[in-house]
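What follows is a set of notes on a single structure, which appears directly below.
The values are calculated or read from the model by the stated rules, or taken from the named source; none is laboratory data. Source: prediction; values computed, not measured. Positions of Cβ are backbone-derived with ideal geometry, glycine not excepted, and every protein chain shown enters the neighbour counts. All accessible areas refer to the heavy atoms of the entire protein, side chains included, with ligands and DNA or RNA removed. Shrake-Rupley method; radii C 1.70, N 1.55, O 1.52, S 1.80 Å.
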Amino acid sequence: MRTPIVVANWKLNKTVGEAVEFTSALKGMVSGVDGVEVVVTPAFTALNAVASTLSGSNIHLSAQDVFWADNGAFTGEISPAMLKDVGCEYVIIGHSERRQYFGETNESVNKKVKAALSYDLRPIVCVGESLEDREAGRTESVIDNHVRNGIAGISPEAMQSAVIAYEPVWAIGTGVTATPDQAQDAHLVIRSLLSELYSVELAAQVRIQYGGSVKPENTSELMTQPDVDGALVGGASLEVESFAAIARLAG
Ligand code: PGA
């Protein structure tokens, strides 16, 4: 049985004070919520303070990105060890905004996934097609390419701790959500590929979450799909009431 995972991706939002205020409130709102793993993803600057706020709660901490090197002359970058040091358990890797604006490629995603796993950081590997891809009938091949190359060389043991986030680019921040059927179809493509690359058993264990304009109003119908194991939430995660509602509905 896969426990759904609901992740707040705050992107470039929230000062330390705002992040702490949000997580203090969220703790109370989800303390009795069972059957769902709740994760928050502040900016790097707020990770330390949010980790302290979350201490003793059932909420997990994630970063929004990581670099693959342990240390060295890489101005501006953050290593997996640094994220572990501040209490991160997860890290988002390969978000479409990083692919679009910051030159992230399948190759860099793969290096980051390997680096994260070598420090016991659980990667949330983002994959998904653009509108152009979908309209050209390339949805499956893009997903296949992102997943296959993003997790190349990852052992079955390590893969068990990873999460895959299916995020169609056309649904991110647009208010247009994939229909439950579109999400299910894509998630099934991913799970079938995991069966092919690893085994049916392993594929049945890995969580595949959906992201792209998830809000309280559309959470339940997405979560009823058999292969949708939670949500990666951007805009609707910025308000604590709507994020807590999504977490409750996914549980
Ligand atoms: P959105 O973002 O919920 O604002 O569409 C999702 C994401 O980018 O992870």
* Does S108 satisfy the criteria of being in contact with a Phe, Trp or Tyr (Cβ under 9 Å, 6 or more places away or on another chain), more than 16 Å from the ligand (Cβ to nearest atom) and of a type in the set (S, T, Y)? -> yes
* Checking T75 against (1) touching a Leu at 6+ places or on another chain (Cβ under 6 Å); (2) open to solvent by 50 Å² or more (accessible area, probe 1.4 Å); (3) β-branched (V, I, T), the condition it does not meet -> (1)
* **Pairs where the first residue, in segment 96-117, is under 19 Å from E129 (Cβ atoms) and the second is open to solvent by 20 Å² or more (accessible area, probe 1.4 Å) and among the basic types (K, R), C-beta under 6 Å, 6+ apart** => E104/R98
* Asked: Given the structure, is Q184 closer than 21 Å to V7 by Cβ, open to solvent by 50 Å² or more (accessible area, probe 1.4 Å) and of a type in the set (S, T, N, Q)?
  -> no
* Structure fact -> Note: among V91, V38, V30, just one is of a type outside the set (D, E), at pLDDT 95 or above, surrounded by 17 or more Cβ atoms within 10 Å (Cβ to Cβ) and touching a Leu at 6+ places or on another chain (Cβ under 7 Å), namely V91
* To do: Name every residue in segment 5-58 that is part of a loop (DSSP other than H, G, I, E, B), within 16 Å of the ligand (Cβ to nearest atom) and either more than 18 Å from the chain's Cα centre (by Cα) or not aliphatic (A, V, I, L, M) (or both), in order of residue number.
  => W10, K11, N13, K14, P42
* Asked: Here are some residues: G76, G17, G72, G56. Which one is modelled with pLDDT under 95 and farther than 26 Å from A204 by Cα?
  -> G56
* To do: For Y101, state whether it is out of contact with any helix residue (DSSP H, G or I) (no Cβ under 7 Å at 6 or more places or on another chain), surrounded by fewer than 21 Cβ atoms within 10 Å (Cβ to Cβ) and closer than 21 Å to N13 by Cα.
  => yes
